1. Restricting attention to segment 150-176, which residues are outside any helix (DSSP H, G or I) and not aliphatic (A, V, I, L, M)?
2. Of these, Glu184, Glu215, which one is crowded, with 24+ Cβ neighbours inside 10 Å, of a type outside the set (A, V, I, L, M) and assigned to a helix (DSSP H, G or I)?
3. Would you call Gln289 in a helix (DSSP H, G or I), in contact (Cβ under 8 Å) with a residue 60 or more places away in the chain, farther than 21 Å from Cys220 by Cα and in the same structural domain as Ala189 (by TED's automatic domain parsing)?
4. Any residue in segment 77-96 that is acidic (Asp, Glu) sitting within a Cβ distance under 7 Å of a residue that is outside any helix (DSSP H, G or I)? List the pairs, counting only those 6 or more apart or interchain.
5. I need the full set of residues from segment 101-135 which are under 16 Å from His245 (Cβ atoms) and touching a Phe, Trp or Tyr at 6+ places or on another chain (Cβ under 8 Å), in order please.
6. What residue, among those in segment 326-352 that are β-branched (Val, Ile, Thr) and closer than 21 Å to Ile182 by Cα, is surrounded by the fewest Cβ atoms within 10 Å (Cβ to Cβ)?
7. Mind listing whichever residues of segment 116-149 are small (Gly, Ala, Ser), farther than 24 Å from Glu90 by Cβ, in contact (Cβ under 8 Å) with a residue 24 or more places away in the chain and assigned to a loop (DSSP other than H, G, I, E, B)?
8. Do any helices (runs of 4 or more DSSP H) entirely within segment 10-112 hold 2 or more residues that are at pLDDT 95 or above and of a type in the set (D, E, K, R), and if so, which?
Amino acid sequence: MKIQLTLPHHAYQLWIETGALSQVGTWVKSLWTPQQIVVITDDTVNDLYGDQVVQAIEKAGFKVSLYAIPAGEQSKSLASAEKIYQFMAEQGMTRKDGVIALGGGVVGDLAGFIASTYMRGIHFLQIPTTLLAQVDSSVGGKTAVNTATAKNLVGTFAQPDGVLIDSNTLQTLEPRRVREGIAEIVKYAAIKSTDLWQLLDSFLDEADLLAHATEVIAACCTIKKEVVQQDELDTGERLQLNFGHTIGHALEQNAGYGVVTHGEGVAIGMVQISQIAEQKQEMPQGTTQLLKEMLEKFHLPTDYADWNEATLFEALSHDKKTNGGSIRIILLEKIGQAKLKKMPIEEMKDYLKK
């Protein structure tokens, strides 16, 4: 399946097909002229697919180098970016050369950030290998690194030249990483699609969902494409994609990056903000219970034992959705339809109460 994403200054395709990775050399050649390429990946993905991808792209006529970072959220940092800038400079990379991100969300965000800032910007491609990256982070052009202050605090908007999604790569994911991606899928259904919600409701468990992975990935990517085309720079409609993320990001940071996964944080964040919104009569009664049941079916957490309202509020006060003394949060009108609420940042303390 090909999904076309068209923006005012850039257009590109998402290619979603089981087994597509076997054609990676042909795909890159169809998009780029011969040039030097750095493939950025992590240790885990490198062991699985590094040689295959490098050899296929070299065979297609490109000069290829590979840089592997340690796997994990801790690598999504300015320190990692600096090391890769130096590596690229040593390889003689110019503004006519390109970067390919091969991996999950950490690799995609970091590689996109590096490509968008090295020599003021070179082009790049995304080859996401995790469910979370395939349904969400590889599409739409957000790039970022974390800092001690906040998750994704430093970043750019930079669109790739293409995205190759092969659901076969999900076969090597550990169960926790599969569940991480499912949290984002539940988010998409909750904010935008009753059809996707009904599809998820029909699945028995994670294995059942993975058996229909290509269909689910395409549904999520179609939703994200439509939202990004309306609001590329995340100033209005696209903010709805952050349902659960304000609290989720704060949880990730407070626990220590990687202790609570991104998907786990989002799952807990969706439930927490929804249950308070119901108490405030800002959401229909029973919506939180539907969310909890869906998330728990896929063995995702809906609460966090070491909850600390003060430290969470401090972390989320640096969230990118804040503007002066106000913040915008995402709530549900009903399953399949979201809304934005703008409020004083101090009111977020209400949504952190247990």
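1. Scanning segment 150-176 gives Lys151, Asn152, Gly155, Thr156, Phe157, Gln159, Pro160, Asp161, Gly162, Asp166, Glu174.
2. None of the others qualify; the one that does is Glu184.
3. The answer is no for Gln289.
4. Every condition considered, no pair remains.
5. Val135
6. Among them, the one singled out is Ile335.
7. The answer is Ser138, Gly140, Gly141.
8. Hits in segment 10-112: 51-59, 78-90.
The values are calculated or read from the model by the stated rules, or taken from the named source; none is laboratory data. Keep in mind the model is a prediction, meaning the values are calculated, not measured. Cβ coordinates were reconstructed from backbone atoms using ideal geometry, including for glycine residues, and neighbour counts include every protein chain displayed.
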